[in-house]
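First up is the structure itself, then whatever we jot down about it.
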2 protein chains.
Amino acid sequence: MAVNLSAPRAEDLRPVAGLRIGVAEAAIRKVNRKDLTVVLIDAGASVAGVFTQNRFCAAPVQVCREHLAAGDIRAMVINTGNANAGTGEDGLARARATCAALARQLNIAPQQVLPFSTGVIMEPLPLDRIEAGLPAAVADAAPGHWLRAAEGIMTTDTVAKAFSRSVKIDGAEVSITGISKGAGMIRPNMATMLGFMATDAKVAPALMQQLARELAEGSFNRVTVDGDTSTNDSFVVIATNKAAHATITSLDSPAGRALREAMLEVARQLAQAIVRDGEGATKFIAVRVEGGKTGEECRQVAYAIAHSPLVKTAFFASDPNLGRILAAVGYAGIADLDQTKIDLHLDEVHVAVKGGRHPAYREEDGQRVMKKSEITVRVGLGRGDAADTVWTCDFSHDYVSINADYRS
Amino acid sequence: MAVNLSAPRAEDLRPVAGLRIGVAEAAIRKVNRKDLTVVLIDAGASVAGVFTQNRFCAAPVQVCREHLAAGDIRAMVINTGNANAGTGEDGLARARATCAALARQLNIAPQQVLPFSTGVIMEPLPLDRIEAGLPAAVADAAPGHWLRAAEGIMTTDTVAKAFSRSVKIDGAEVSITGISKGAGMIRPNMATMLGFMATDAKVAPALMQQLARELAEGSFNRVTVDGDTSTNDSFVVIATNKAAHATITSLDSPAGRALREAMLEVARQLAQAIVRDGEGATKFIAVRVEGGKTGEECRQVAYAIAHSPLVKTAFFASDPNLGRILAAVGYAGIADLDQTKIDLHLDEVHVAVKGGRHPAYREEDGQRVMKKSEITVRVGLGRGDAADTVWTCDFSHDYVSINADYRS
């Protein structure tokens, strides 16, 4: 059960002019399952992406990087059921062949296609089934198919993830719609497992990489389920440039700021949705670390807390065993941390002060907060003015069950 | 159920001349439980310790460091049920008061006592019950009580951990006996949760710190259960200097090497026993990383594998979802890792070569190894001659249950 996350309704997702989506059932791993998605992009769009920092990056990630460098992207193809990672030279060839197959149908160059794969690692991509499924996916393409796409990229996700909003840019109404998928192997570094966002805003191509990076930084790069950075993390931002406003040439202009803020809001919803639907998640937890010397050390502490199996199981049990949070602060790797300055709040409950239990803290207050489905952990380091927040979930029996049975 | 680990027999544990152990039931957290242990050391012993690198170190760890610096240690007092960590100034005062209480009974100075605590974090140490229990513990003291001590320091451990052996030094027979406890919050950095070793060998006091550090490096600092470095990790080595050989003045002398090797063997058994009895463990896994540029980067990769919840749940399920191991290698943080050189063995089965699936690898071979209770993962990085090994366990439903219910 995802935490306070319900499935999107198709009518709430705004089409983005210049972009059509088609989905098919290609039986890549299982039958009767939407597992192949194509995104067809009109000529003239601006496209950028950020990808996993895992050195063992998947074949499609390598191909995406090449094709984005060449520019003029016109299509994307996304399969579930197989990650095409840990597959060596053969995997690269299959990712390229996937692009070529779609390019032939669309009469474009293979370099104009971005491939994405998610699923089991180290098994050969079933190219024949992908090629056989592509015509149906292309035939299905329509502007209103965002929900189908969100469903088409799910693996162990229990809820489809799609968010949409509009924003006025220079008087013109601009649409922003995005989808994501996650569930496990989630500790994105540059991007999530898979996230796609599109807008019909007009954005100068030179700005797109910066925009994609800033959106990922403020959203996908702040969530973690299990600390496992995937081999396939990909986040792509598309501006179809169809809207009726002057081209945005700086993200610091009023129009640029308005677009970035609106897109960041959608990106954050997409990223948080991945945590809300984290494998086995029963709680959504924001870990905010304040009073650090740098944002980086705040994140370091926040991730230590968010990754601690002991902290996560305590949240699952609603057990205010909060010393585990202090222990995680202590081993986060800040060499000159002064434990006598550490402060800890659980929502509004003041748990620890100066590194020890707060005199007024009562266990029933901690317990009351721990039983909620959304909780904010706030740690004060007492050494500076920086702060940062990371979003995570708890660690339950179901996480073990899901990952023990994933391939069966 | 601990993995291939049975309880020690009292008669297999060699007394160490110059050292007596007493255990009592002090009802520190629960009644009818051995929870208070004292170790009484004859004058003239050499003592050294290494402690947690967690910046949030517990009060007893801080007091141990002070007292060891002063030298001439004559006693140790160990309680379970309460870690006296995250307890601020008040916790320090209670740790000192514990030392003072034992010192009064033994007619020694408080600075000659080392205190150790393990259990729940951030709750006040019940000093009254410890003081009330000390006379019984002291009255119980006898050289043959090593097994009682191993039982007396258990928390969520399911099996007492004690190992013993003898070694000839210059023709004299020397005894080495040690105990440890672990189970959860185990990713020692300098030492384990609690480990104590004693020998009657004669070791120059100046060598003791080096000896303790080297023993910890080769044993406790190579195991992990859940990646949570405890606030209380302590490892103490005592040489009572009673044996009939010339004092060892260099660890590189033949006598020094013989002693170190024998002690390292016991230290490794103690450390591995903690993993075998890791919370919820059903498998014992050695992660060996070879072909690194440095030992440090080999450990970094080995720990990334050993801490991955996805890898650990796959071992629990005996599921050869081995791409998860490659993913962990990829995110271990080696920036210039070349994935096309990565090699992976599971015991004798060659799983991956040059970063992709080995052509001869068959899933049933991987499955066969995964079903065993002891497994060696061997990763080749293909970039140098360094190697290192880390020992860990799998991640099961019981880990979640134990940690969700720990305090109830």
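The values are calculated or read from the model by the stated rules, or taken from the named source; none is laboratory data. Bear in mind that the values here come from a model prediction, so they are computed numbers and not experimental data. Every residue, glycine among them, receives a Cβ derived from its backbone with ideal geometry; neighbour counts consider all protein chains shown.
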Looking across the range B:75-87 at residues that are in a loop (DSSP other than H, G, I, E, B) and either within 14 Å of chain A (Cβ to nearest Cβ) or among the hydrophobic types (A, V, I, L, M, F, W, C) (or both), the single one that is nearest to B:PHE235 (Cα to Cα) is B:ALA83
When (1) among the aliphatic types (A, V, I, L, M); (2) farther than 22 Å from B:VAL3 by Cα; (3) surrounded by 24 or more Cβ atoms within 10 Å (Cβ to Cβ); (4) in the same structural domain as B:ASN82 (by TED's automatic domain parsing) are applied to B:LEU207, the one that fails is (3)
* Test B:ALA317 against the stated conditions and say whether it is over 26 Å from B:VAL400 (Cβ atoms), at the interface with another protein chain (Cβ under 9 Å from one of its Cβ atoms), modelled with pLDDT under 90 and surrounded by fewer than 24 Cβ atoms within 10 Å (Cβ to Cβ). => no
Over the range A:343-354, the set of residues surrounded by 24 or more Cβ atoms within 10 Å (Cβ to Cβ) and at the interface with chain B (Cβ under 7 Å from one of its Cβ atoms) is A:ALA352
Query raised in the report: On the given criteria, is B:TYR303 at pLDDT below 95, surrounded by 17 or more Cβ atoms within 10 Å (Cβ to Cβ), over 28 Å from B:LEU5 (Cβ atoms) and not basic (Lys, Arg)?
Result: no
| said: Checking the structure you have, find out if any residue of the range B:358-377 is touching a residue at least 60 places away in the same chain (Cβ under 8 Å) and either under 25 Å from A:ASN84 (Cβ atoms) or aromatic (Phe, Trp, Tyr) (or both). | reply: yes
In the set A:ASP90, A:ASP72, A:ASP128, the lone residue that is at pLDDT below 95 and away from every other protein chain (no Cβ under 14 Å) is A:ASP72
Over the range B:210-221, the set of residues without any contact (Cβ under 8 Å) to a residue 60 or more places away in the chain and surrounded by 20 or more Cβ atoms within 10 Å (Cβ to Cβ) is B:LEU215, B:SER219, B:PHE220, B:ASN221
Practice task
Could you tell me whether B:ASN241 is at pLDDT below 90, in contact with a strand residue (DSSP E or B) (Cβ under 9 Å, 6 or more places away or on another chain) and not in a helix (DSSP H, G or I)?
Solution key: no
Quick count over the range A:378-396, residues being touching a strand residue (DSSP E or B) at 6+ places or on another chain (Cβ under 6 Å) and of a type in the set (Phe, Trp, Tyr), is 1
Restricted to the range B:42-57 and to residues being assigned to a loop (DSSP other than H, G, I, E, B) and within 14 Å of chain A (Cβ to nearest Cβ), the residue surrounded by the fewest Cβ atoms within 10 Å (Cβ to Cβ) is B:GLN53
Filtering the range B:3-32 down to residues that are assigned to a loop (DSSP other than H, G, I, E, B), free of Cβ contacts under 8 Å to residues at least 24 places away in the same chain and not polar (S, T, N, Q) yields B:VAL31
Among residues of the range B:301-313 being in contact (Cβ under 8 Å) with a residue 40 or more places away in the chain and not charged (D, E, K, R), the residue farthest from the other protein chains (Cβ to nearest Cβ) is B:ALA302
Reported set for the range B:68-85 where residues are surrounded by fewer than 24 Cβ atoms within 10 Å (Cβ to Cβ) and in contact (Cβ under 8 Å) with a residue 12 or more places away in the chain is B:LEU68, B:ALA70, B:GLY71, B:ASP72, B:ILE73, B:ARG74, B:ALA75, B:GLY81
Of the listed residues (A:ARG362, A:ARG378, A:ARG407, A:ARG357), the one being of a type in the set (Lys, Arg) and at pLDDT 95 or above is A:ARG378
Per the filter on the range A:93-125, residues of a type in the set (A, V, I, L, M, F, W, C), assigned to a helix (DSSP H, G or I) and either touching a residue at least 24 places away in the same chain (Cβ under 8 Å) or more than 14 Å from every other protein chain (Cβ to nearest Cβ) (or both) are A:ALA95, A:ALA97, A:CYS99, A:ALA100, A:ALA101, A:LEU102, A:ALA103, A:LEU106
| message | Scan the range A:140-153 and tell me whether some residue there is assigned to a strand (DSSP E or B), of a type in the set (Asp, Glu) and surrounded by fewer than 24 Cβ atoms within 10 Å (Cβ to Cβ). | response | no
Next item on the list: Would you be able to say whether some residue in the range B:118-130 is crowded, with 19+ Cβ neighbours inside 10 Å and among the basic types (Lys, Arg)?
Entry: no
Considering residues that are surrounded by fewer than 24 Cβ atoms within 10 Å (Cβ to Cβ), at the interface with another protein chain (Cβ under 9 Å from one of its Cβ atoms) and touching a residue at least 40 places away in the same chain (Cβ under 8 Å), the number found within the range A:321-342 is 3
Across the range A:159-210, the tally of residues that are part of a loop (DSSP other than H, G, I, E, B) and modelled with pLDDT of 85 or more stands at 8
